1. Any idea which residue in segment C:651-660 is surrounded by the fewest Cβ atoms within 10 Å (Cβ to Cβ), counting only those that are touching a strand residue (DSSP E or B) at 6+ places or on another chain (Cβ under 6 Å) and either within 7 Å of chain B (Cβ to nearest Cβ) or over 13 Å from C:Gln474 (Cα atoms) (or both)?
2. List every residue pair whose Cβ atoms lie under 7 Å apart, where the two residues are 6 or more positions apart in sequence or sit on different chains, the first residue falls within segment C:584-600 and is closer than 18 Å to C:Val157 by Cβ, and the second residue, located anywhere, is not charged (D, E, K, R) and not in a loop (DSSP other than H, G, I, E, B).
3. Scan segment B:25-71 residue by residue and report those that are more than 9 Å from every other protein chain (Cβ to nearest Cβ), of a type outside the set (S, T, N, Q) and under 19 Å from A:Met41 (Cβ atoms).
4. Name every residue in segment B:110-131 that is surrounded by fewer than 24 Cβ atoms within 10 Å (Cβ to Cβ) and either more than 7 Å from chain C (Cβ to nearest Cβ) or not in a helix (DSSP H, G or I) (or both), in order of residue number.
5. Could you name every one of the strands (runs of 3 or more DSSP E) located completely within segment B:25-92 that has at least 1 residues being closer than 16 Å to B:Ile126 by Cα and in contact with a helix residue (DSSP H, G or I) (Cβ under 6 Å, 6 or more places away or on another chain)?
6. Looking only at helices (runs of 4 or more DSSP H) that fall completely inside segment A:98-191, which ones have 1 or more residues that are over 15 Å from the mean Cα position of the chain (by Cα) and touching a residue at least 40 places away in the same chain (Cβ under 8 Å)?
7. Considering only segment C:359-473, give the helices (runs of 4 or more DSSP H) lying wholly within it that have at least 2 residues that are within 28 Å of C:Ala519 (Cα to Cα).
8. Here is a list of conditions, (1) within 24 Å of A:Ser129 (Cα to Cα); (2) assigned by TED's automatic domain parsing to the domain that holds B:Ala137, and B:Thr19 meets all of them except one; can you say which number that is?
Amino acid sequence: MIIPEFEYVAPGNLQEALDCLASHGVEAVLLAGGTDLLVRMKQRLVKPRLVVSLKNLEGLRDIKEENGEIVIGAMTPLVEVLESERVGKHLPALRQAMGKIGAPSIQHFRGTIGGNLCLNTRCLFYNQSQFWRSGRTPCHKDNGQTCYAEENSDRCRSANLSDGACALMALSCEVVLASCRGERVLLVEEFFTGKGESPFAIEPDELVLEIRVPMPGEGAGSSFQKISYRSAIDFALVSAAVSVRVMDGQFEEVRISVGGAGAAPLLLKEAAATLYGKPFNDDEAIEATSDLAKKHASAFMVENLGSCLEYRQKMIRILVRRALKEAIVVATG
Amino acid sequence: MSFAVNGEEVELYISPNRTLLEVLREELELTGTKESCGEGVCGSCTVLCDGVPLRSCLTLALEMEGREITTVEGLGEQGRPDPIQQSFIDHGAVQCGFCTPGMLMSVKGLLKRNPTPNEEEIRRGISGNICRCTGYAKIVEAVTAVTTGSGRNATGS
Amino acid sequence: MEKGFSLIGKRVPRVDSLSRVTGEVQFAADLKLPRMLVGKIKRSSLAHARILHIDTSRAERLKGVKAVVTGQDTGGVKWGVFRYTQDMDFLPRDRVRYFGEEIAAVAAVDEETALEALDLIDVDLEELPAVYDPIEAMASEGPWIHEDYPNNVNVHVNIDVGDIEKGFKESSLIREDTFTAAEDDYFMGEPYAVVARFDDDGNLEIWMPNAGPHMKSKPLSNALQMPLHKVKVRKIAIGGAFGGRSEISPADYICALLSRKSGRPVKIVYTREENAVNVRMGHALITTIKTGVDREGKVLARDITCYMDGGAYSSTGPIATSVPFLCMEQAYRMENVRYNGYRIFTNKPIRGMIRMHGRSFACGIDLQLDMMGEELGIDPVTMRLRNARQAGEYTPTGSYVSSCGLTECIEKAALKSGWKEKYGNLPPWRGIGIGINSVQTGFPLGIRGGSQAIIKFNEDGGVTLISGVVDNGQGNDNMLVQVVAEELGLSMAEVMLITADTEVTPNDPGSYSMVTTFAGGNAARLAAVDARNKLFDIAAKALEANPRDLMLKDKKISVAGSPDRFIPLKKAVRMGLIQGMPVSGEGHYAPKVDHTREWVKNPKGQLSEAFSFGATIAEVEVNPETGMVKALEVTAAQDCGFALNPMLVEGQFEGSVAMGGQGGMLTEHHFWDGGRCLNPTQLEYKVPLACDMPRINNIIVESLDPAGPYGAKEAGMSIAMSAAQAYAAAISNAIGVTLTDFPMTPEKILKAIEEKNQGGR
C-alpha cells in the first residue's frame, strides 16, 4: 500500500534538526529506523505533512560511559546496543530486551534504541489498515471518541509493547530531550504519560537525544523476560523486567516493570517494596511479590491484543518471578 | 537522489513517499525483491544495505542516499550463480520461490557476519524470513552445506 | 523398482529453481505491460447491507482515472463452482454480504490516483442484521443471507452406510465428543495479483496465480460472455496455492472488466490483508463424533455431525463439506458410518478448500481413538493398526483402494520415532502422539477430469512438451520434464516446457485435487512413449531390427544388447521429417472415477483412482507454567506410491509439518470482531518461523500404485492433516488432558493443566 504524500527533510546535524522542529514540529514526525512509523503511515494511522529524517545525526549514535552513567545515543542501532560489552556487562536486562525485538537478522540493524523507546502504543483494534477501521466511529487513539477493546471506556486502552522501554523502566534511566530551548532531562517514569492517546511527554519541538542509565553499583543485577507466541518477530503478550541490588544477602533496591499491561511500562513500586530487607533467597517472598505484581498490573489490562486476557495476566506472575530470580543470580555473581 | 544498486551508480528523481522496495521494482525494474506483507514481518523484501540486511518495504528510498544496495539480482554472475544460490538449487531449498530472494539476502547478511554458523544460528539468522512451502528444513541444509562444505547434496552423497 | 532409471526416482534439482534463486522468474505482480493501469477495489465496510445506490461520477471525472466498474457492468452474471451453487455476483448489484466484499473498482494511471478515486465513489448502503456464528445463523429467522437457502444452510451432505445402530449395540465402548476449530488460512507467500489485457480483436490475456488455468478460463468465458478460445489464461510463476486458488476470484473478473472498459492493460495487486480475507480462507468447524469400538479397539460404528462456517457465499461448498469426512473414511475402516455435514452461511469472508482439511474433524477422529484406546488399555499405535485401511478394500462410499501402504507407514514411523520406548515412558510434560491421513488423488471433475500432453521435436532432436499442468511451487513442471527426459533418453535440460496456458495447452484438471502427477504425469509419460514408439518404427527400418528390441538412452536409439547398432535420436527425427511423417507424441489420461458420483446428490462410487496414506508421529515438550509447546521431533511416513523425486517429495513432507502441525495446531487461527477479521496480516496470523521448527524425519513408503505413473500418486499436501493430529495427540499425551478446541494455544493448554490440577474436567 502506497504511503500518502509528505514533505521530507534530512537535516545535516542536530542543530538543523532542532531548528526544523522549532518551526514545524507540530505537523512533523521524526524518522529513525522507520520500522514502526512507516507501517503506521501505510495504515494511515498517522498522516504527517513533514517527515524529518534523523539519518545524518551520527552524533546520536554512540555508547559511552560518563559521570557514572552509561549514555546511549538515541540513534544507536539495536544491534550495537545488543553487542556492546558495556551493556552486556552492566545492563543485562537491556541486552536481553534488545535480543528479543522483532527479527534479529534484519530489524536490529535498522531499528534504533530511541525508536524502540518511542514505540507507539498498540491495540489490535487500532493497528489495522485504514479500510479495516472504516465504516465505524474512530477510537480514542484514532482521534475519536470510543474504545473497541473495552466497551464504554472513556480513554484509550492501548498498551506499551516496547521491550526496550520495559527494560529501561526497570533499570531506571534518564531520557534527555533536546530542543532549541535547551535540554530537558526526564526520569523514565516521567517520560511516559500513561495515556494511550499521547504516550510520550515529548513537546512537538523536541527529540530524544540520549538515554542515561546509571552504572549499577556492586551487588546489582537485572533481567528482562518476554513471552510471545513465536520466538522472533512477535510483540510480547506481556513482558517483565527487574533490576535489583543485593547487599549483605538482602534486597536493598528492587524495581519491577511490566510491559504490555498499560500505556506505559508499569513500574510496580508497591510490589517491589515488599522485598526490601528480605533475604535474596526467600522464595516465598519472591513468589508473593510476583503475585502482587500480577494483581496490580492486571488492573490496567483489557482485551486489546487478541490473546486471552486471563492468560496474559497469569504470565505476569511467571515472568516477574523469572526476572527476579535471574536478576538475583546476576547480582550475587 | 543518488545511490548504488548492485554495483551501479543510480540517479533518480524520487517522491519522498516512495519506499526503496517500490523504487527497486518499478523505477529500476528489479522485480526479484518481493512484497508479501508490506509491514516488515515476512522478509520477502530483504535487500542488503552496505552489506547488512534491510527491509526495503519499510525504508523510504530517500533514506538510501549514498548507500550501496545489493538485491538478489546482484548475486553471482550471468551463468555462474553465487554458491549460496547454487546450494539452494542443489538441496531443494526452493519451492514456489517467492520468499527465496529475501531469504538469500538474509543468508548473505548472516554469512558475512558469521561465516560458520551452527544450525541454531542459521535458524535464528533466517527467523525474519517467512517461508510457507518448505518448512525451512532444506533451506537450513543448503546454508549448512555452503558453510561447511559438507551436508547432503542433490545426488545424496 | 530397479529398472535402471536415469532420472526417475532420483534426487535431481528442479529445472526451474535457477530462475527463482536469481529473482528472474515473474509472478503476476512483477509483470509490466505498456500503458498498464493500476486497478484498485472499493470494498464494503458493512458486513450485511442492501445496496441502495452507487455513484461513481466523481471518480470518473478525476484526472487519471480511465475506467470505473460496478455491478451495473456485469450483466448480472453470477458465479458458482457448481451449477446449483451460483450465488455470487462478482460485483454485487443489490446486497453485500461480508465486510470487505467488492462493490466497485477503478483503473487509473497510478496507485495514488486509484486510491483517491475509490474515496470519490459514493456508496449508499442500508445496513441489514448480520450473523457471524454458524449455529446462530441456522437458528436465524431471517432475513437469510441468501433467499434460496432457508436457515442459512448452504450445503447438507448426508452419507449413511451400513447399520450404525447395530454397530453401536455391539460396541463394548462408546464415546461421543465434540471438537471445534477456528478458521485457518493459506498465507501463501505471494499475495494475489491479476493482470488483464484485451487486444483489439477482443481476445483477453490474463495472468493470475491459479491452481488450474483451464478452471479459470471457462468461468471467465461464461462471465464475460466470450467463447473459450478468446480467453487466454497465461502461464505465470505462482507463489503457493494450498487449495486456495482454484476458483475464479472477483479480482480476475473485475480486472478483465476494467481492461475491457479502459482499453488498456490493468494490474490489480492485493495487499496481504486482501489476500487473507478477500480470496478464500479455511472453514471453522464444529464436529461431533460418536464412535463405538469392540474390546480390541476395532471401530464398529461411527456417527459424525459437522457444522462448517462457510462465510457469505457457496464457493466450493459441496466439496469442502465432504472432503474432511472422505479423507477419514479412506484412512480408516468404517463399515457402519453416518455423516451429516452442514455448511452454513454467515456474514463473514468466504471459505474454501484448504490443505489441512477440517482440522477439528480429523484431529477429533484420532484423538477419540486415543481416548478410547486408553480406556481399553490399548496404545495409540495399535488402535491405528487395528483400524487402518488396507489395499483391496472399499471405502464406505464405494471407492476401491488399489494401493495402500498405511500399515507400513505406521510401523515405520513408530520404529523411527522410538514409539515403543517412549510412549508412556517420557519424562513429565513430554508427550508423543500419532496421526493418520489419507487424501484423494483427484476427484470426479466431469469433462475436465483428464489431462492431455503433446510432444513436438526440433530437427536437432530437442523436445518441447505441451501440457495443461500448472505448477504452484511444488515442482509439477519439473515432474513433467523428469518424466519426458527419462522416457526419451534425454537430459532434463533438453526438454522444453510449455504449460498452463489455455491458448496453447490442452485440458488439465489442475492441481487442487492432487491429481497432477497421476493424470498430468501419466499423460506426459504416454505422450513420450507414443513419440518413442514412432521413433522406434523409423529406427527399426534403418537398423533392420524389430522395434520391440530397441531402446532409447543418452540420445541414441540402439538395439538392446548390441550398443554399436544404433542411430542417434536426432537422425531418427530427421528421417521422419524427410519421409513426410514428422514424429510427435500424444498422450492423455483421465483417472477412472465414477462420473455419476456427486458430492451432495449421489455421494457413492469411485471417488479417486488412487489414494495416498500416511502416519505422522510428533514428540513435544510442554512448559507447565506457560503452556508453551516446543516441538522436538516429527516423523512423517507417507505412502505416495512412488517418489519420482525424493528430494521434492521430502520438501512437501517438511512443508506440511510446518503448515499443518507447527502452525496448524499451535498458532494458526483467525479471530473476529463481528465481521472483521482481527488478524489478516503476517504479524498477527502466526505462521511458523525457522527458529521454532522441530527436527523432521521423512520416510517415503512406496506401495507402487498400479495406475499411477511409475506407481506414483498424491504426495503433496497430505501430511498437513496428520501432522496436526500428531501434534494434538502429543500435547494431550504430555499434559494428560485431551483438548478439544484447536489450535492448542498456550492459554488453552495452561487452562487445561490448571483444571486438571484442581481435580476438574
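1. The qualifying residue surrounded by the fewest Cβ atoms within 10 Å (Cβ to Cβ) is C:Glu654.
2. Within 7 Å, the pairs are C:Thr596/C:Asn602; C:Trp599/C:Val157; C:Trp599/C:Pro318; C:Trp599/C:Ile319; C:Trp599/C:Ser322; C:Val600/C:Val155; C:Val600/C:Val157; C:Val600/C:Pro318.
3. Selection gives B:Cys45, B:Ala61, B:Met64.
4. Here is the first cut: in segment B:110-131, the residues surrounded by fewer than 24 Cβ atoms within 10 Å (Cβ to Cβ) are B:110-121, B:123-124.
Of everything in segment B:110-131, those that are surrounded by fewer than 24 Cβ atoms within 10 Å (Cβ to Cβ) and either more than 7 Å from chain C (Cβ to nearest Cβ) or not in a helix (DSSP H, G or I) (or both) turn out to be B:Leu110, B:Leu111, B:Lys112, B:Arg113, B:Asn114, B:Pro115, B:Thr116, B:Pro117, B:Asn118, B:Glu119, B:Glu120, B:Glu121.
5. On the way: elements: B:46-49, B:52-55, B:68-70.
Qualifying strands (runs of 3 or more DSSP E): B:46-49, B:52-55.
6. Details: elements: A:107-110, A:113-117, A:130-133, A:163-171, A:188-191.
The helices (runs of 4 or more DSSP H) meeting that bar are A:107-110, A:130-133.
7. So the answer is C:359-376, C:406-417.
8. (2)
The values are calculated or read from the model by the stated rules, or taken from the named source; none is laboratory data. Everything quoted here is computed from the prediction, not taken from an experiment. Positions of Cβ are generated from backbone atoms using ideal geometry, with glycine treated the same way; all protein chains shown enter the neighbour counts.
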